[in-house]
Structure formats: C-alpha cells, structure tokens
Ligand code: SF4
C-alpha cells in the first residue's frame, strides 16, 4: 500500500485551475462545465487573469509543488488559449522547478500539436478520462469518444515523451456487469498507465442518467454487486503492479498524483476558476459556480468566492476524513506535531475502539482502514466521527459533573 514516503513529502502545496468547458455534457456529470465557445473562452481567460492578480499577493514566496488543470475539459482549449492560461500562472505564481504539472484530457481531443504545446509549457502528467472501453457503455454514458481512442491518445502522448499517464474509469453504473468490467480493466491495464482512478457511479439528480436511476427507470446495481466490481478492480490493478494508495486511486511506485496527495494530506492549495474550491492559510473557500457569476464578480471587483475559517476541531475532522482514505492512513509524520496532538485528543479513544472492533488497523505511525472495509471507507469514517462525538459528549458530561464538587471544595 502507498502512498510512498517520498510522494507524501513532495506533495507540499498545490495550485488548481478549473477549465469550465466541454464539447458535450456526459449523461452522469454534474460538474461546473458548459459548452465551448470563442466568447466564453475569452471571458474565462480574462477573468482568470484577474483572479490570479487578486490571489497572487497571498501566495508571495510560495513555490507550488503541483499545478493541476482540471475541469471540464482543459484539453478542449486551443493551444494558443492554453499558452495564455499558462502564462497567467507563470506571471503570478512561482512554480517549483520539480513541480508536477497535470492536465486532464478527453482522449477525443488529444492531437500531436496540442501535446507539443503542453509539453513545451511544462505539463508533465496527463490524466485521460476513459470511463469504459465498451462502445455501448460509452454511448450510454454520453461520452464523445469510442473505445479505441484512449489507446491512440496514449500512443501519441508516449511518442511526445510523456512518462506519467493516468486513466479514469467508472464502474457500478446502471447496466454495468462483471464481464464488461473485466474487459475494460484488461484494456486499460494493457496501456500500462502509471496511475489509474476508478470511481463508483453516483446518481446525481440533475443529470439524465442520475435522474433516470433515482426515478427507477434505470436498474441500479446493488451495493454487493458494486463491492464485487471494486474487489475485481483491486485484484487486477494489484496484479498489474499498481498499488491502491487511496480508496479510488492506484499507482505504480512513484506514480502517485502529488496534487491529490496535497488534498488528502490536508495541505494548502490555491484554486482558481468557476466552482474551484481552495484551502489557504486555514480558510476554505469556494469560487462562484457558474462561469457568468464568477467572471462578473471579477469584472466588477466583487468577491468571487465564499470563504469560511476552519476551527481547530473542524481541521481535525477533515484531517481524519481525508487521511483515512489513504492506504497508509493517518500517520503522525504526515502532520505537524500540534495538529497531531489535537487530533489524538479528539479521536484517540474512537480510533482505539475502531482497532478493537477491527474496522481499523494500528500501524507503526497511526491508523488505517482495514483492507476489507476499504470500499465502504466512508461508512467507517462516519462511524468514527460518531464514536468521537459520543466520547467527547461523555467527557464533557464528566467534566460538568465535576464542576460543582470543585466549586464546593473551593467554597469550603
Ligand atoms: S468530459 Fe468530464 S467534465 Fe465534461 S461533461 Fe464529461 S464527465 Fe463532465
């Protein structure tokens, strides 16, 4: 299990840029994205420059260890537009010389000229959304590419010299089954990606496939069937040399996504663009979701986000929730000492109970979720939160009970 020590240490501070355009919306997707248009791109590029100007002073002296262009479909931008976006980054922020720079790409949009442009800019990692290698499933999911396209995109990227490639897959959607999942996994792993992400389908109510599923017009896979698909994923990726370093993410040694490790280790990341969420100097913020609302705020000099300071307890909760998704779990050496102490104060008893009940495993450095519970990691984390709350409530009850005695002693 990972992530390796080196990868965790290299994941220091991230910069995220949201690119809110897609050729067409997929049937399951509720991300903040819209159709690509010349006017939309122009407005976006001008507004993101304004946001960079606004946020740059707060990041003065920071060398970002990762930059991530996510979306939407960043690869939908023309080369000249991506170059302008990259210039905005370089003009306002310091990117560490060894930084991981990732760009999310739809396989359909990948061309040699674009790959050249990305490589010239310094992009050194590409993440391709494949989802499935079955033509019928791709059509049902509303993807714009066919099953052959990811292999073609991989070959072009390898020829261009890209050494860190990732694939995104989806499982457990209506109509999905073990046979097609095995075929998809075989095809995906035959491309020898350094990294693979696989997410279980979630029916989002505002999407055609999600709404149909929730209304019962599409057959939902039961949780046992989804768990079987997940077990197959873990077995096949493991056999291919990719370790499950996070619940939904698998990598060869050294292939872990540095940028996502920043999130899971709850380190600072600055985020720009519509719907982007950041964590900066102990404050969480969310940019306005729609391109129009976000750009308008920046054009008028108004706040483009909503922010909220995170309390010490809130930070401990987030740390536990995020780190327990990692293969290495919650490890003392990943967190500053005061944060670790606060965390143990709040969660120590609940974590020990989790080990006693075999939901968690004690490690040399902390705690991780037992392998057989990883598919239901969110349930284990919810249980842990509830257990910590009940321990805290009983502690405060004991303290409250002690006050009158202490007061009585003082009075006496
Ligand atoms: S390409 Fe990605 S971001 Fe765009 S609609 Fe499809 S799933 Fe959503």
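What follows is calculated from the coordinates using simple rules that are stated; it is not laboratory data. Just so it is clear, the model here is predicted, and its values are computed rather than measured. Here the Cβ is made from the backbone with ideal geometry for all residues, glycine too, and neighbour counts use every protein chain on show.
A few notes on this one:
- Between 0 and 90°, nearest 10: helix 38-55 axis offset from the chain longest Cα axis: 40 degrees
- Whole-Å distance, taken between Cα centres, linking the stretch 282-302 and the stretch 251-268: 27 Å
- Cα-Cα P(r), the chain, percent of pairs per 20 Å interval: 24, 56, 17, 3, 0
- In the chain, the longest principal axis of the Cα atoms and the axis of helix 223-239 are about 70 degrees apart.
- Equivalent ellipsoid semi-axes, the stretch 251-327, via Cα gyration tensor eigenvalues times 5, rooted, Å: 28, 17, 8
- Ranking of 355, 19, 234 by neighbouring Cβ atoms within 10 Å, starting from the fewest: 355, 234, 19.
- Gained length - residue 277 relative to residue 35, 0.36 nm times residue gap less alpha-carbon distance: 85.0 nm
- For the chain: relative contact order, % (alpha-carbon pairs under 8 angstrom, 6 or more apart): 17 percent
- Packing, as the average of other Cβ atoms within 10 Å across residues, places the peptides 317-323, 374-380 in the order 317-323, 374-380, highest first.
- Tail fraction, Cα-Cα pairs, the stretch 161-249, threshold 16 Å, whole percent: 55 percent
- Value of [θ]222 nm, deg cm²/dmol, for the chain, DSSP H segments ≥ 4, -39500 (n - 2.57) each, nearest 500: -14500 deg cm²/dmol
- Comparing Cα centroids, the stretch 90-114 and the stretch 41-82 end up 11 angstrom apart.
- Residue exposure proxy: 144, 381, ordered by other Cβ atoms within 10 angstrom of their Cβ from fewest to most, comes out as 144, 381.
- Rg over Rh [alpha-carbon atoms, Kirkwood Rh] for the stretch 1-143: 0.99
- Shape analysis of the stretch 205-278 yields a ratio of the Cα radius of gyration to the Kirkwood radius, Rg/Rh, of 1.10.
- The chain: angle of helix 377-411 to the longest principal axis, Cα-based, in degrees nearest 10: 30 degrees
- Fully extending the segment from residue 5 to residue 78 would add 22.5 nm, taking 0.36 nm per residue of separation and subtracting the current Cα-Cα distance.
- Gap separating the Cα centres of the stretch 126-171 and the stretch 354-388, nearest whole Å: 34 Å
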